[in-house]
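This report refers to the structure that appears directly beneath it.
Only the coordinates and a few stated rules stand behind these numbers; no lab work does. The structure presented is a predicted model; accordingly, all values stated were derived computationally and were not measured. When we count neighbours, we look across all protein chains shown, and the Cβ atoms used for this are built from the backbone with ideal geometry, even at glycine.
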Amino acid sequence: MKKSIWNLLLIGMIIALSSCTDTDVYNDKDIKNFVKEYKTKQYAVENPSNPPTAVEIGERVKPFLTEEEYDYFYKRRYFHFINVVAKNTGYKSKVQDITLEKTEENEDGTVDYDYVLTVEYYHDNFSEAVETKGQLTIQYNGENYKITRDWEQPNQFVQEAILKTNNNGGVKH
């Protein structure tokens, strides 16, 4: 009797272990915390008259990105828009929330997500929560997560802020 119980437990453990996949390390709560921390470091602007430079923002988010993704963003000046929005509007910014939806588990072990990021832009008596939709791909290298792809759909608020000019026809600084 004891032997049959142990055999059943052993068989159950084998089945449970064999059903585990590489994507089991992609815990929803851990992924959300990881992505929210990354986006918080990307979007945080405390002083819009002296916002972080693109290089400073890049350095803040570098630990979250693969080397290839970091280089891709850096070459395309991706981090620069946050600085421009802050200078042109005079608004501080911070991440309020992010929602993630897993869309695909890839053969290479990475996982794709759609997301909706909510960023609050604010100053004195003004506050506006702006949603940005995006997609990203995350890999787990055995020790930590890394973002291999991050794409954001441009939103109207950011586009207008980038194009904002002052009364003299120049860009507001």
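Here are the numbers for this structure:
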item	result
Distance (nanometres) between label positions extended 7 Å along Cα→Cβ at THR99 and ARG60	2.5
Cut-off 10 Å between beta-carbons: net charge of the residues surrounding ALA44, Lys and Arg +1, Asp and Glu -1	+4
Spin-label proximity, LYS164 to segment 33-48 - amide N less than 12 Å from point 7 Å beyond Cα toward beta carbon	48
Cα-only Debye scattering, segment 19-173: base-10 log of I(q)/I(0) at q = 0.09, 0.11, 0.15 Å⁻¹	-0.31, -0.46, -0.80
Net length gained if the chain between ASN106 and GLU37 were fully extended (0.36 nm per residue, minus Cα distance)	22.5 nm
Approximate spin-label separation ASN144-ASP30, in nm, with each point projected 7 Å along Cα-to-Cβ	1.4
